[in-house]
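> Before I ask anything, let me first share the structure, which is written out below as structure tokens.
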Amino acid sequence: MEGEGGLYIGLENGKAVEIRLDIYEPPRFFEGFLKGRFLQEVPDITARICGICPVAYQMSSAYALENALGIKVSPQVRALRRLMYCGEYIESHALHIYLLQAPDMLGKQSALELAAEAPEVVRNALRLKKIGNDLLKAIGGRSVHPVNVCVGGFYSWPDEKAIKALLPDLEWGLNAALDTVKFALTLPYPYLEIDYEFVALHHPDEYGVIEGDVLSSNGRKLSIAEYENGYIEEHVRHSNALHSRTVDNNTYLVGPLARLNLNHEQLLPNAKQALKESGIQLPLRNPYKSLIARAIELVHFYEEAIQLVKEYKPSGPAHVELKLREGEGAGATEAPRGLLYHRYKIDGNGMIQFAKITPPTAQNLPRIEADLFALTPRIVKMPEAEAVLTAEHLVRSYDPCISCATHFLKLKIEEK
Amino acid sequence: MTKVAVIGIGQSLRGDDAAGLEAVRQWREKFPETANRLEVRVEAGELPGLALLDVLNDVDAALLVDAVQSSHPPGTIYRLDEEELAAFTSDARSAHGWGMAETLKLGSQLMNNRPRIRVVGITAGELEMGAEMSDAVRDAIPRVCEAIEAEVNALLK
């Protein structure tokens, strides 16, 4: 009975009695590491929690600390933050769709096999992804761990010419993203329908990414500051990771499916049209089909990036001067993998007294395990190799944040 | 003129995982004549998974300096070509399941002129988040610098 840093399914008479997924290292280390540090260090430190979605960590922490200080960023800063987030979504979604999940759905061993058979598809995917990197680099100074975000705004405005120079690539990307939706619709998805409670940030005027309310498909609507009144993190015995549940003791789902189902009204026109033409009936409840949700979001974020690049005209200060005071603040933004919540307490000198970070994967973990339960009757009848693949494909469809030092999924089925 | 990228890879908050970054930093200080040559480009970063491909553009050869896991004691230095590297990366290390060997293979499938690759690997011991670099690895860094210098000079020829 040991997890081996992977997936463990315990069976009794062919029925799953226990499922443990142990793939994820929570950012507990960082919560301790941040204590006693100056608040302006926080965006850069938390960015290092994830090499794939550093912007999400920077943004959630910046908003939380701005709330603690009672400051509001300028509309220009807000627009640039959205543009930067577009870069992260583009990069992360292009990678996940083409290089991780599509090969799974097509029964390929990896993207290497896909690249051998359809080099153009993978070459385009890498270009789609690289444009996201370029956008991050133009705003953040570098693409892996951008350094320009600060509490109060940005350290400096990115060069207007460098930003505008991205337009031709972004326009190519929008078309390629529309093709990506068509591609996504051709893939074979295993049948699995789950009655999820979806949770995402919702904003009446834009596709929810920064600011707005925490909305649940069960009707619960909370401000970001009230998030912890609705969602609770707790320790479970088998895992280092904290598991989340709602106050009603329900598992819930964050991420692309939740966003699309709750926020499709706020998609930009091209993305809305692509959704309409896809013929998909919402809510989409098949976890594998989060690939389609990502594809539609890829269209949206290319479209939004084009808009924001065209409008980009830096003026006024790039950041608000901070007036330090004792306080507490929460912030949440939508990382590509789902809602990312931070809360901090600071003292009068701006030093961190307390930090809480609730990442999307912690919230989805109990849901992934529950989905695996739903899948087990089907996979226990399969030969072991096929069972491993089917379970892996499900886990990967969530795009979980897998710690860089954790070995990739190993499945162990034990008959009691 | 052969253009060479020297790429230090690692995560500086994770003990010996920082070895590649630290070695490239020290090599730059110790061998500025080589590091500052026009045809040499130095990069250092976390470079998860496919991000590696983005720094391989526009060079003829690349030297990757990274921590590796092996059955030998921490601090053991390896100088590898691409084929030999494959033995070290059967476990995907990246967040998206992309290890260095797979990424390089994808690069050779898709890039028109993927650079020649050499690797200097330092066997890691301590990889806990928040840990300091182990003494064995720290003591090995000067020898890693010598190895980098020799490799870069060989690639430049």
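> What value, in deg cm²/dmol to 500, does the helix sum -39500 (n - 2.57) over DSSP H runs of n ≥ 4 give at 222 nm once divided by the residues of chain B?
Result for chain B: -10500 deg cm²/dmol, rounded to the nearest 500.
> Of all accessible surface on the stretch A:256-340 at a 1.4 Å probe, what whole percent is carbon and sulfur?
Exposed carbon and sulfur together represent 48 percent of the surface.
> Related question: List the accessible area buried at the contact between B and A, summed over both sides and calculated with a 1.4 Å probe, in Å² to the nearest 100.
Rounded to the nearest hundred, the buried surface is 2700 Å².
> Still on this structure, I have one more. Could you tell me which residue out of A:Tyr63, A:Phe29, A:Tyr312 lies farthest along the dipole of chain A toward its positive end? Charges go on the beta carbon: Lys and Arg +1, Asp and Glu -1, centred on the Cα centre.
Toward the positive end, the furthest listed residue is A:Tyr312.
> Next question, about the same structure. At a Förster radius of 25 Å, what calculated FRET efficiency corresponds to the Cβ-Cβ distance of A:Lys108 and A:Glu41, to the nearest 0.05?
Plugging the Cβ-Cβ distance into 1/(1 + (r/R0)^6) gives 0.05.
> Chain A: percent of C-alpha pairs farther apart than 27 Å?
50 percent
> Counting alpha carbon pairs within less than 8 Å and at least 6 residues apart, what relative contact order, in whole percent, applies to the stretch A:268-387?
Value for the stretch A:268-387: 14 percent.
> In addition: What is the spin-label model distance, in nm, from A:Leu192 to B:Glu33 if the labels are put 7 Å beyond Cα along the C-beta direction?
Inter-label distance under the simple model: 6.1 nm.
> Also: Equivalent-ellipsoid semi-axes (√(5λ), Cα gyration tensor) for the stretch B:1-138, whole Å, largest first?
That gives 23, 19, 13 Å for the three semi-axes.
> Once phi is turned into ³J(HN,Hα) by the Karplus curve 6.51 cos²θ - 1.76 cosθ + 1.60 with θ = phi - 60°, what whole-Hz value does each residue of the stretch B:21-33 show in order, with x for glycine and proline?
Values per residue, Gly and Pro as x: 5, 5, 5, 5, 4, 5, 4, 4, 6, 7, 10, x, 4 Hz.
> Sticking with this structure for a sec: Ordered by residue, what ³J(HN,Hα) values in Hz, to whole numbers, does the stretch A:298-307 give under the Karplus form 6.51 cos²θ - 1.76 cosθ + 1.60, where θ = phi - 60° and Gly and Pro are x?
4, 4, 4, 6, 5, 4, 5, 4, 4, 4
> Okay, next question. Could you give the length gained by full extension between A:Gln307 and A:Asp159, i.e. 0.36 nm per residue of separation minus their alpha carbon distance, to one decimal place?
51.6 nm
> Computed FRET efficiency, Cβ-Cβ of A:Glu277 and A:Glu117, R0 25 Å: what is it to the nearest 0.05?
0.40
> From the phi angles alone, apply the Karplus equation (6.51, -1.76, 1.60; θ = phi - 60°) to the stretch A:275-282 and give each ³J(HN,Hα) in whole Hz, x where the residue is Gly or Pro.
Residue by residue, the stretch A:275-282 yields 5, 4, 5, 5, x, 6, 8, 8 Hz.
> Let me have the relative contact order for chain A, percent, based on Cα pairs under 8 Å that are six or more residues apart.
So the answer I get is 28 percent.
> Another question about this same structure. Loop only per DSSP, at most 11 neighbouring Cβ atoms within 10 Å: give me the chymotrypsin sites (Phe, Trp or Tyr not before Pro) in the stretch A:186-280, ordered by residue number.
Passing sites in the stretch A:186-280 are A:Tyr191.
> Within the accessible area of the stretch A:76-144, what % is carbon and sulfur when the probe is 1.4 Å and the other protein chains stay in place?
That fraction is 50 percent.
> For B:Glu82 and A:Glu326, what is the calculated FRET efficiency with R₀ set at 56 Å and r taken between the beta-carbons, to the nearest 0.05?
0.50
> Right, next: What accessible area per residue, rounded to a whole number of Å², is obtained for the protein assembly as shown using a probe radius of 1.4 Å?
39 Å²
> Going out from 0 in 10 Å bins, what whole percent of all Cα-Cα distances in the stretch A:118-236 drops into each bin?
10, 22, 30, 30, 8, 0
> Determine the share of chain B's accessible area contributed by carbon and sulfur atoms, expressed in whole percent, with a 1.4 angstrom probe.
46 percent
> If you take every DSSP beta bridge fully contained in the protein assembly as shown, what fraction is antiparallel? Give it as a percent rounded to 5.
65 percent
> For chain B, the longest stretch holding no GluC sites (Glu not before Pro) located in a DSSP loop with at most 14 other Cβ atoms within 10 Å is which?
B:40-127
The values are calculated or read from the model by the stated rules, or taken from the named source; none is laboratory data. Since this is a predicted model, take the numbers as computed values, not measurements. In this analysis, Cβ positions are derived from the backbone assuming ideal geometry, glycine residues included, and neighbour counts consider all displayed protein chains. Only protein heavy atoms, including side chains, enter the accessible area calculation; ligands, DNA and RNA are left aside. Shrake-Rupley method; radii C 1.70, N 1.55, O 1.52, S 1.80 Å.
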